[in-house]
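J.: My questions all concern the structure below.
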Amino acid sequence: MSIPYLSVRDLSVSFLTGTGAFYAIDGISFDLARGEILALVGESGSGKSMTSLSIMKLLPTVAQMSGRIEIEGQDISAFGRRQMEDVRGARIGMIFQEPMTSLNPVLTIARQMTEGPMRHNGISRREALATAYTSLEDVGIPEPDRVLAQYPHQLSGGMRQRIMIAAALALRPGILIADEPTTALDVTVQSQVLDLLVDLKSRSGSGILLITHDIGVVAETADRVAVMRGGRILETGTVDEVLRSPQHDYTKALLASHLTVDKGLKQRDAEVEGARP
Amino acid sequence: MMSNPVLKIEGLRKSFTANRRTVHALNGVSLVLHRSETLGIIGESGSGKSTLGRIAVGLDTPTAGELHIEGMRIDTLPPPVRREKLRQCQMIFQDPYSSLNPRLTVGRQIGEGLFARGERDWQAINMTVANLLERVGLKREFAERYPHEFSGGQRQRIAVARALAPNPQIVVADEPVSALDVSIQAQILDLLADLKKDGNLSYLFISHDMAVVARLCDRIAVMHRGRIVECGPVRAVIENPQHPYTRNLLDAVPRFGRRRTGQKPVPVRLPQHSDGDTFMTVAEGHTVLQSAGSL
């Protein structure tokens, strides 16, 4: 097997508190290859978002990080600020839960989408605009020209998230970190964005690290899954393995508490039956 | 049971004007909520479901339409009388972090509802508050504490206790479990179901989450662009959806055993509705809006 694009080894992140060190991430390891979707799934406080911030080196300065993070075999864990600027965007793209807070409200979409490519690829504004146009078409935006001239507040949540994805992918990063990318979206829009991510994975060959709390989303989109809790990865495997025959008790509990429409109807029926004299 | 609905809404309309543009949040919504029934209002952002809930508890006033509580039309009553009547309707909000006052003890903010109802003896109020805390699965002593001392799930229990304090007939819950982790969600849903068992309580349960609605509701009303497009018993609507929007919504819900192939989805043309649209009865109690511009 070839070297994975991203390799994380014994990653720990701790914060010094009054009562000693608190480990937000406690020695996790995983690999992500191009063209695959790895889901990090867990509840709030499990450390899944901390993991993405550590890979991007966007942790608060008070955080202590240890372990190795390799991109195509190169250890980036000791990279400084300048070096990281070349990694972020170009080699690892990132999209966040709330596209409104990650887009700059006072700049047009055109301006925000050309900044990255102009910086990383050293291309002219005109070339960058052409790329932005194609990227917007790629994510299924009907009139790229119109959208490029607009400001974030003029667009719907789904459109904004498509723009974030387009902007991230315009730089052709080896992997894309998507941190709860559909959590703030309506379910029909979520469905479109998930289709888009899967489509882009197969077309561009980027790997996707999908961070989510929603096992339903994992089941439909991920190839592999790592279950996190308390800063540790408790179980990892292919989606089929983990969801069909979970080994760890916590995974079992997580699956049991995941409410589906069918399960909801059954639980309700049982209750109605029980209430009948 | 069917004869006397606790809440009846007729032809409700609500428009907002912002930047010289008028937005029609509700375009003629009619519904009934029966005693000890849970009616789910499901829809996406902008469907008008939250506006509907706010009007039902008196946080907003309708532009047009009628609001009846226990057979009495209340939207035409003078404000003080209306407020009195609206005490029958209490609300639980989505975010238990912002809906509780951080500077008041839990007991105080639950007790305020009793005080507003006319109870003046704080000893009696405190006794009732402690009982309420127990009823929602918390300890009696918690009354002395402040909201920040509690987890999200516990805070939502406190919000439930506060809603129940004035002994309402109707509780409007607007996305009450959406901000919670799944394991906590299940506990709050169980609690809401339990509370209904021993009383006359009725819920208007507003949610975007089909699974949560399936778990708790007797009937559901699907909202789209300020209108109810389909309404019926929960199983009937979920298993035999008639309106294209309902089908679209159900199909979008992630499920096990289905994989996304990454094909470009065909953009769905959403139906257009107009005021002339009529409801067709599919089965007993199951109605669907006949949108002219359907798929």
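J.: Of all residues in region A:215-272, which are more than 21 Å from B:V177 (Cβ to Cβ), more than 7 Å from every other protein chain (Cβ to nearest Cβ) and of a type in the set (D, E)?
T.: Across region A:215-272, the qualifying residues are A:D223, A:E235, A:D240, A:E241, A:D249.
J.: Another question, if that's okay. Go through region B:195-293 and tell me which strands (runs of 3 or more DSSP E), entirely inside it, have 2 or more residues that are at pLDDT 95 or above and surrounded by fewer than 22 Cβ atoms within 10 Å (Cβ to Cβ).
T.: In region B:195-293, the matching strands (runs of 3 or more DSSP E) lie at B:286-289.
J.: If you don't mind, there's one more thing I want to ask. B:M127 passes all but one of (1) without any contact (Cβ under 8 Å) to a residue 12 or more places away in the chain; (2) within 23 Å of B:T51 (Cβ to Cβ); which number fails?
T.: Here B:M127 meets the rest and fails (2).
Here's the yes/no breakdown for (1) hydrophobic (A, V, I, L, M, F, W, C); (2) within 14 Å of the chain's Cα centre (by Cα); (3) farther than 25 Å from A:L265 by Cβ:
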site	(1), (2), (3)
B:R145	no, no, yes
B:R155	no, no, yes
B:R162	no, no, yes
B:P176	no, yes, no
B:L192	yes, yes, no
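J.: B:S151 versus (1) under 22 Å from A:V41 (Cβ atoms); (2) facing chain A (nearest Cβ under 10 Å): which is the lone unmet condition?
T.: Every condition holds for B:S151 apart from (2).
J.: Still on this model: So, in region A:4-41, how many residues would count as being in contact with a Ser or Thr (Cβ under 9 Å, 6 or more places away or on another chain) and within 14 Å of another protein chain (Cβ to nearest Cβ)?
T.: 4
J.: Given the conditions (1) farther than 30 Å from B:R35 by Cβ; (2) under 20 Å from the mean Cα position of the chain (by Cα), which single one is not true for B:R215?
T.: Just one mismatch for B:R215, condition (1).
Every residue, every condition in (1) loosely packed, with under 15 Cβ neighbours inside 10 Å; (2) assigned to a helix (DSSP H, G or I), yes or no:
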{"site": "A:Q190", "(1), (2)": "no, yes"}
{"site": "A:L196", "(1), (2)": "no, yes"}
{"site": "A:V225", "(1), (2)": "no, no"}
{"site": "A:K266", "(1), (2)": "yes, yes"}
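J.: A follow-up question, please. Would region B:72-94 turn up any residue that is within 18 Å of the chain's Cα centre (by Cα), more than 19 Å from B:N200 (Cα to Cα) and surrounded by 15 or more Cβ atoms within 10 Å (Cβ to Cβ)?
T.: Checked region B:72-94: at least one residue is within 18 Å of the chain's Cα centre (by Cα), more than 19 Å from B:N200 (Cα to Cα) and surrounded by 15 or more Cβ atoms within 10 Å (Cβ to Cβ).
J.: Moving to a separate point now. Mind counting the residues in region B:130-163 that are part of a loop (DSSP other than H, G, I, E, B), free of Cβ contacts under 8 Å to residues at least 24 places away in the same chain and among the aliphatic types (A, V, I, L, M)?
T.: Within region B:130-163, residues that are part of a loop (DSSP other than H, G, I, E, B), free of Cβ contacts under 8 Å to residues at least 24 places away in the same chain and among the aliphatic types (A, V, I, L, M) number 1.
J.: Would a scan of region A:171-184 turn up a residue that is in a helix (DSSP H, G or I) and in contact with a helix residue (DSSP H, G or I) (Cβ under 6 Å, 6 or more places away or on another chain)?
T.: no
J.: Another question about this same structure. Taking A:L234 as meeting all but one of (1) buried (at least 22 other Cβ atoms within 10 Å of the Cβ); (2) touching a Phe, Trp or Tyr at 6+ places or on another chain (Cβ under 8 Å), write down the number of the exception.
T.: Single failed check for A:L234: (1).
J.: Right, next: Out of A:G205, A:G157, I need the residue that is small (G, A, S), at positive phi and within 14 Å of chain B (Cβ to nearest Cβ). Which one?
T.: Checking each option against the conditions leaves just A:G205.
J.: Going through region B:59-68 one residue at a time, which ones are surrounded by fewer than 20 Cβ atoms within 10 Å (Cβ to Cβ) and either of a type in the set (K, R) or within 16 Å of B:Q88 (Cα to Cα) (or both)?
T.: B:L59, B:D60, B:H68
J.: Same structure again: Please state which of the following conditions A:L243 fails to meet, knowing it meets all the rest: (1) assigned to a helix (DSSP H, G or I); (2) under 14 Å from the mean Cα position of the chain (by Cα).
T.: All conditions are met except number (2).
The values are calculated or read from the model by the stated rules, or taken from the named source; none is laboratory data. Note that the coordinates shown come from a computational prediction; the quantities given were computed from them, not determined experimentally. All Cβ positions, even for glycine, are placed from backbone atoms using ideal geometry, and neighbour counts span all protein chains on display.
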